[in-house]
Structures are given as C-alpha cells and as structure tokens.
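S.K.: Please see the structure below; I have some questions.
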Amino acid sequence: MMGTLFHPCITCLALPSAVDAPAADPITDVAMTRVCPNPARGVTSIYFELPRQTPVRITVYDVLGRRVARPLDGIRPAGRHVTTWDGNERSGRIEPGLYWIRFEAEGRRVTRGVIRLR
C-alpha cells in the first residue's frame, strides 16, 4: 500500500503527480521540504513550498563551497513546487561525493546535503 511507506522519498518517486494535487494544509511559510532520492545516481528532486509568489534560487555546491550547478533561479507562484538537478555541473558530469543544495527565498536560506553515487 502506498500509504504505508515509511521512507519519505519513496513517495516522491512513486507518486510524482502528488505535487500538483491540492494540499489539505495551507502553506504559511517558505520551506524546502525534501530532497530525494538521497543518495542519488540520476536526477535529484528538490521540493519546496511558497506562501506567495517570490523569487527562488536553488544552488548546488561541492564540499569546498564551489558552485557546481544552479537548477533554479527565477520567480515562482505560491504553492508546492518541485525542480530537479540532473547531477551535472556547468562543465559536465560531477564526481561522486557529498554536495550541498541551498534553497533561497524571501531572505531564508536552507541547505541540505545530498550524496551523489556513480
């Protein structure tokens, strides 16, 4: 049963259209809600919520603090959203290891680690 899965990223992989479904709870704050799968080999999905239209920037950094990708930099409407990072940097495929995904909106910064596998 889909409702009994305990791993938070299984749901996002099994039900990608759930982002488009209306939510029971209103969105009251800017939030990056999950990054999955983690660890990842291919595409990583980054889920976030916005209570109103606002500029959003999502940036990926390596462990030395160098920017390797910017999957999103633009204005998004209020609601629940998902964007993806394909595991590439500007110059090509990245090496396996730890990377930091930083979400920025309305003056808030949230950073989460993601492990990239071969």
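S.K.: Please identify the pairs in which a residue from the stretch 62-75 that is at positive phi has its Cβ atom under 9 Å from the Cβ atom of a residue that is part of a strand (DSSP E or B) and aromatic (F, W, Y), counting only partners at least 6 apart or on another chain.
M.R.: Once the first residue is at positive phi and sits in the stretch 62-75, its partners that are part of a strand (DSSP E or B) and aromatic (F, W, Y) give G65/W100.
S.K.: For the stretch 82-99, which positions are under 17 Å from T33 (Cβ atoms) and either hydrophobic (A, V, I, L, M, F, W, C) or loosely packed, with under 15 Cβ neighbours inside 10 Å (or both)? Full working, then the answer.
M.R.: Taking the stretch 82-99 first, the residues under 17 Å from T33 (Cβ atoms) are 82-85.
Selection gives V82, T84, W85.
S.K.: Residue check: is G42 surrounded by fewer than 16 Cβ atoms within 10 Å (Cβ to Cβ), part of a strand (DSSP E or B) and not basic (K, R)?
M.R.: no
S.K.: Checking P22 against (1) out of contact with any Pro (no Cβ under 8 Å at 6 or more places or on another chain); (2) of a type outside the set (S, T, Y); (3) at pLDDT 90 or above, only one condition comes out false. Which one?
M.R.: Result: P22 fails condition (3) only.
Residue-wise test of (1) in contact with a Ser or Thr (Cβ under 8 Å, 6 or more places away or on another chain); (2) part of a strand (DSSP E or B); (3) on the phi > 0 side of the Ramachandran plot; (4) in contact (Cβ under 8 Å) with a residue 24 or more places away in the chain.
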{"site": "N38", "(1), (2), (3), (4)": "yes, no, no, yes"}
{"site": "Y47", "(1), (2), (3), (4)": "yes, yes, no, yes"}
{"site": "E95", "(1), (2), (3), (4)": "no, no, no, no"}
{"site": "V110", "(1), (2), (3), (4)": "no, yes, no, yes"}
{"site": "R118", "(1), (2), (3), (4)": "no, no, no, yes"}
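S.K.: Is it the case that some residue within the stretch 37-50 is β-branched (V, I, T), out of contact with any helix residue (DSSP H, G or I) (no Cβ under 6 Å at 6 or more places or on another chain) and modelled with pLDDT of 95 or more?
M.R.: Within the stretch 37-50, one or more residues are β-branched (V, I, T), out of contact with any helix residue (DSSP H, G or I) (no Cβ under 6 Å at 6 or more places or on another chain) and modelled with pLDDT of 95 or more.
S.K.: Run G65 past the list (1) small (G, A, S); (2) touching a Leu at 6+ places or on another chain (Cβ under 7 Å); (3) not in a strand (DSSP E or B) and report the number of the one that doesn't hold.
M.R.: G65 satisfies every listed condition except (2).
S.K.: A follow-up question, please. Identify all residues within the stretch 76-93 that are of a type in the set (G, A, S), over 17 Å from E49 (Cα atoms) and in a strand (DSSP E or B); write none if there are none.
M.R.: Within the stretch 76-93, G92 is the sole residue that qualifies.
S.K.: Further, regarding this structure: Would you check which residues across the stretch 59-81 are surrounded by 15 or more Cβ atoms within 10 Å (Cβ to Cβ) and hydrophobic (A, V, I, L, M, F, W, C) and list them? Spell out how you get there, then give the answer.
M.R.: So in the stretch 59-81, the residues surrounded by 15 or more Cβ atoms within 10 Å (Cβ to Cβ) come out as 59-62, 68-69, 71-72, 76, 79-81.
Selection gives V60, V68, A69, L72.
The values are calculated or read from the model by the stated rules, or taken from the named source; none is laboratory data. As the structure is a computational prediction, the values presented were derived from the model and not from experiment. Here Cβ is always computed from backbone atoms with ideal geometry, including for glycine, and neighbour counts include all displayed protein chains.
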